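Here the structure comes first, spelled out in structure tokens, and everything after it is commentary.
The values are calculated or read from the model by the stated rules, or taken from the named source; none is laboratory data. Since we're looking at a predicted model, the values are computed, not measured. Cβ atoms come from the backbone with ideal geometry, glycine included; neighbour counts cover every protein chain shown.
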Amino acid sequence: MKRRDFLKASVGGAAAVLTGGRVEARPNLEPAPNAVGMLYDAALCVGCKACVSKCKAVNGMAPVIEGDWYSWDSARDLSKDTLNVIKVYRDGEAQVKDRVVNGFAFEKRSCMHCVDPGCISVCPVTALRKDPQTGIVSYHADACIGCRTCMTGCPYNVPQFDYNNPFGEIHKCQMCNQPGVERIDKGQITGCAEACPTGATLFGTRTALLEEARRRMSLKPGESYSYPRGDVRHPDSRYAREAPAYQQHIWGEKEAG
């Protein structure tokens, strides 16, 4: 066989190998029947950051001081010392909350505890695991090799690596249920939901939270509604206020993970 013919045969064989089988993606995972989670309502958030402070108290994390404000924790994003952060987005003069033009809005950022987490899919050593009952995505430092692949696998940039730790560890929200904290196992709720004064962050089962979200979407703007605080299933308290004009979409119900 001539060299050129051999190369042709080799290329043809490679093409056959590459295209010979049909690859089908597996179906998406289904939520655990009793999965817990949190509902964040940006319309109720006042940006007080009580949730950030409580999160750090529960998890024993130090304040992050940035810029010229030395009086309080001023973390601007997630880090090894900040597992939950409130960010503000502005347009123009940012005069009116939740107004599209010349307005501003708050956003809570923390782990989404996805139904089908990208971080778990890419981790080569199962250092990240999803509880089949609660749906909580937990981190196991004893299994972690510090490859940081989970950081690239998360579409929300949630996992944060501790570069100052010689052993290297990932930090992320574990819904206040990691060993030594275990609030959910003890029948408590997440620290951020417990501390939120307006009920902007609610704890509960995924099913109950989605039902609450749909009730809010059905409200007419200006209609009075009794908003729960704490746990949506048995609230610590309720308070009445006028409903805003809700977008007819529950973000995170079907997006990404």
Residue by residue through the range 100-133, note down the ones that are assigned to a loop (DSSP other than H, G, I, E, B) and either more than 20 Å from TYR40 (Cβ to Cβ) or touching a His at 6+ places or on another chain (Cβ under 9 Å) (or both). VAL101, ASN102, ASP116, CYS123, PRO124, VAL125, THR126, ALA127, ASP131, PRO132, GLN133
Within the range 71-130, the residues that are touching a residue at least 40 places away in the same chain (Cβ under 8 Å), over 29 Å from GLN178 (Cβ atoms) and not charged (D, E, K, R) are ALA105
Just to be sure I understand the filter: pairs with C-beta atoms under 6 Å, separated by 6 or more residues or on different chains, first member in the range 211-234 and assigned to a strand (DSSP E or B) and of a type in the set (D, E, K, R), second member at pLDDT 95 or above and crowded, with 18+ Cβ neighbours inside 10 Å. Which pairs pass? ARG229/GLY199; ASP231/ILE189; ASP231/PHE203; ASP231/GLY204
Scanning for something part of a loop (DSSP other than H, G, I, E, B), in contact (Cβ under 8 Å) with a residue 40 or more places away in the chain and over 24 Å from VAL85 (Cβ atoms), does the range 171-190 turn up at least one residue? no
Since ASP231 meets every condition but one in (1) closer than 22 Å to PHE106 by Cα; (2) modelled with pLDDT under 95; (3) in contact with a strand residue (DSSP E or B) (Cβ under 8 Å, 6 or more places away or on another chain), which condition does it not meet? (2)
Hey, PHE167 hits all of (1) surrounded by 14 or more Cβ atoms within 10 Å (Cβ to Cβ); (2) aromatic (Phe, Trp, Tyr); (3) at pLDDT below 95 but one; which does it fall short on? (1)
When you scan the range 140-170, how many residues do you find that are of a type outside the set (A, V, I, L, M, F, W, C), in contact with a strand residue (DSSP E or B) (Cβ under 7 Å, 6 or more places away or on another chain) and either under 11 Å from ALA127 (Cβ atoms) or part of a loop (DSSP other than H, G, I, E, B) (or both)? 5
Quick count over the range 75-114, residues being surrounded by 19 or more Cβ atoms within 10 Å (Cβ to Cβ) and under 30 Å from ARG26 (Cα atoms), is 5
Give the residue, chosen from VAL137, VAL58, that is in contact with a strand residue (DSSP E or B) (Cβ under 9 Å, 6 or more places away or on another chain) and surrounded by 13 or more Cβ atoms within 10 Å (Cβ to Cβ). VAL137
Could you please give the count of residues in the range 204-230 that are in contact with a Lys or Arg (Cβ under 9 Å, 6 or more places away or on another chain), surrounded by 15 or more Cβ atoms within 10 Å (Cβ to Cβ) and either over 13 Å from ASP41 (Cβ atoms) or among the small types (Gly, Ala, Ser) (or both)? 3
Output the number of residues of the range 32-49 satisfying the condition of being under 12 Å from ARG229 (Cα atoms) and either over 17 Å from the mean Cα position of the chain (by Cα) or basic (Lys, Arg) (or both). 1
Taking the range 140-154 and keeping residues under 19 Å from HIS113 (Cβ atoms) and in contact with an Asp or Glu (Cβ under 9 Å, 6 or more places away or on another chain) leaves ALA141, CYS144
Among residues belonging to the range 115-164 that are of a type in the set (Asp, Glu) and within 21 Å of PRO33 (Cα to Cα), point out the one that is modelled with the lowest pLDDT. ASP116
